[in-house]
Amino acid sequence: MNRTLKTLAGGSAAIWLIAVAMAPARAWGNLLLASYGLVCVGLAGVFFVALQYACGAGWSVAFRRVPEAMPAILPFGAAGLAATFLLRPALYPWTSGGHAANSFQAGWLTLPFFLARAAVYLAIWMLLAALIVRASRAQDPGGEVKLTRNNVRLSVIFLVVFAVTFWLASYDWVMSLEPHWASTIFGVYNFAGMFSSGLAVLILLVLWMRRAGPLRDFVTEEHLHDLGKLLFAFCTFWMYIWFSQYMLIWYADITEETTYFVRRQHELWQPLFFLNVVLNWGVPFLVLLPQKAKRSPGVLAKVAVVVLLGRWLDLYQMILPPIAGTAPHFGLPEIAPVAGAGALFLLVFKKRFDSAPPVPVGDPYLEESLHYHN
């Protein structure tokens, strides 16, 4: 399997390099999409772990090593973002000057400050993720309860810092592709997509590790049921924020703010605009309504795949319209970065997951998780 994934990652990188020569704007736009997506997957893993610690939750301990391994992809996503920002700053129209909507934006959107902020965001996320995971793994030999208390404090710090920095990062890296448009809930919208798709990745990885053997005796239908409920809830939360952003901008009838949706509701973009809602909310909402569906590995896996397709489409609609123009493009420049990013993520995840016991054997809540019932 490793050889196949390495071949896929290497082949995707080669195709992307060819695309850079033939269609540079498309190639760099899709690298931005794939890199931002990888960072979001890594952050979703840290966020899930931190949320469990901060809430004193014990139900998820049995499979916690899965989300703990997800942040290992953060340096790779950061490298892709760095390459895009440094080698193709022209993706952002404000880098050529004269595109700022006001004096504050003119000061905020300067390339040196933009790069410095990006470095700070990524460094903080990776540092806090490493500290949380290290404390969890250090607990395996002796089961020291103080390490759990330390991680509770670290997790609360991460959640507060993450709330501010991810909000700003989504503004910087995605919304500023169209600097004359603004949404006050764009950061919340990005968080909703980040966590719903992160839950989809988490579900697929848990099912993989359960079927492959490491978690076969630890993850039960009760755990799957709760993961299904979380996916159902956050897909619905995504829809709530999507509608809030769409409805309020049109309700206010502010011309410079409606341009974002006008672009995405005309030409060939329009079918994708509505398909986005179907994939990210319609399918998971309808399929996961019955309790039985949330306890079925097969159903959960299929819904998770649909949500990930929806996440790619959502990011594509956020990032590519100002780059691609009046019509979307679907070809190797779009497929290669996403396929390569997926292969790279699985390679990195498996290596990190295999570097520690599959369950946190020293965690004081492990027994509660193993005998968990809804």
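The values are calculated or read from the model by the stated rules, or taken from the named source; none is laboratory data. This structure is a prediction, so every number in the text was calculated from the model and none was measured. Glycine also receives a Cβ, built like all others from the backbone with ideal geometry; neighbour counts cover every protein chain displayed.
Show the residue pairs meeting these rules: Cβ distance below 7 Å; 6+ apart or different chains; first residue within region 93-107 and at pLDDT below 80; second residue assigned to a helix (DSSP H, G or I).
Partner pairs satisfying both residue conditions: HIS99/PRO93; ALA100/TRP94; ALA100/ALA106.
When you go through (1) within 25 Å of LEU109 (Cα to Cα); (2) out of contact with any helix residue (DSSP H, G or I) (no Cβ under 7 Å at 6 or more places or on another chain); (3) of a type in the set (Ser, Thr, Tyr); (4) assigned to a helix (DSSP H, G or I) one by one for TYR240, which number turns out not to apply?
In the conditions (1) within 25 Å of LEU109 (Cα to Cα); (2) out of contact with any helix residue (DSSP H, G or I) (no Cβ under 7 Å at 6 or more places or on another chain); (3) of a type in the set (Ser, Thr, Tyr); (4) assigned to a helix (DSSP H, G or I), TYR240 misses (1) alone.
Only one of (1) within 30 Å of PRO214 (Cα to Cα); (2) crowded, with 19+ Cβ neighbours inside 10 Å; (3) in contact with a helix residue (DSSP H, G or I) (Cβ under 7 Å, 6 or more places away or on another chain) fails for TYR316. Which number is that?
(1)
Is it the case that region 55-63 has a residue that's touching a His at 6+ places or on another chain (Cβ under 8 Å), over 26 Å from THR110 (Cβ atoms) and part of a helix (DSSP H, G or I)? Give the steps one after another, and end with the answer.
Quick first cut of region 55-63, residues touching a His at 6+ places or on another chain (Cβ under 8 Å) only: 59-60, 62-63.
Then drop every residue that is not over 26 Å from THR110 (Cβ atoms), which leaves 59-60, 62-63.
When the remaining residues are screened for being part of a helix (DSSP H, G or I), the result is 62-63.
Yes, region 55-63 has at least one match.
Quick one: is GLU334 under 22 Å from GLU267 (Cα atoms), among the acidic types (Asp, Glu) and modelled with pLDDT of 90 or more?
Values: under 22 Å from GLU267 (Cα atoms): yes; among the acidic types (Asp, Glu): yes; modelled with pLDDT of 90 or more: yes.
So GLU334 fits the description; yes.
Of the residues in region 71-115, how many are in a loop (DSSP other than H, G, I, E, B) and at negative phi?
Narrowing region 71-115 to residues in a loop (DSSP other than H, G, I, E, B): 88, 92, 97-102, 109-110.
Filter once more, so that each one left must be at negative phi: 88, 92, 99-102, 109-110.
Of the residues in region 71-115, 8 are in a loop (DSSP other than H, G, I, E, B) and at negative phi.
Which condition number does PHE273 fail, the rest of (1) under 26 Å from TYR36 (Cβ atoms); (2) assigned to a loop (DSSP other than H, G, I, E, B); (3) in contact with a Lys or Arg (Cβ under 6 Å, 6 or more places away or on another chain) being met?
If we test PHE273 against (1) under 26 Å from TYR36 (Cβ atoms); (2) assigned to a loop (DSSP other than H, G, I, E, B); (3) in contact with a Lys or Arg (Cβ under 6 Å, 6 or more places away or on another chain), just (2) comes out false.
From the list PRO93, PRO71, which one is under 30 Å from TYR365 (Cα atoms) and of a type outside the set (Phe, Trp, Tyr)?
Values: PRO93 fails: under 30 Å from TYR365 (Cα atoms).
Sole residue among the options that is under 30 Å from TYR365 (Cα atoms) and of a type outside the set (Phe, Trp, Tyr): PRO71.
Can you pull out the residues in region 286-305 that are under 13 Å from VAL201 (Cα atoms) and surrounded by fewer than 19 Cβ atoms within 10 Å (Cβ to Cβ)?
Applying the first criterion (under 13 Å from VAL201 (Cα atoms)) to region 286-305 yields 300-305.
Residues satisfying the conditions are ALA301, LYS302, VAL305.
Search region 128-164 for residues being under 14 Å from ARG64 (Cα atoms) and of a type in the set (Lys, Arg), and hand back the single one that is farthest from the chain's Cα centre (by Cα).
ARG137
May I ask you to list the residues in region 330-341 that are of a type outside the set (Gly, Ala, Ser) and either surrounded by fewer than 18 Cβ atoms within 10 Å (Cβ to Cβ) or under 15 Å from the mean Cα position of the chain (by Cα) (or both)?
PHE330, ILE335, VAL338 - these are the residues of region 330-341 that are of a type outside the set (Gly, Ala, Ser) and either surrounded by fewer than 18 Cβ atoms within 10 Å (Cβ to Cβ) or under 15 Å from the mean Cα position of the chain (by Cα) (or both).
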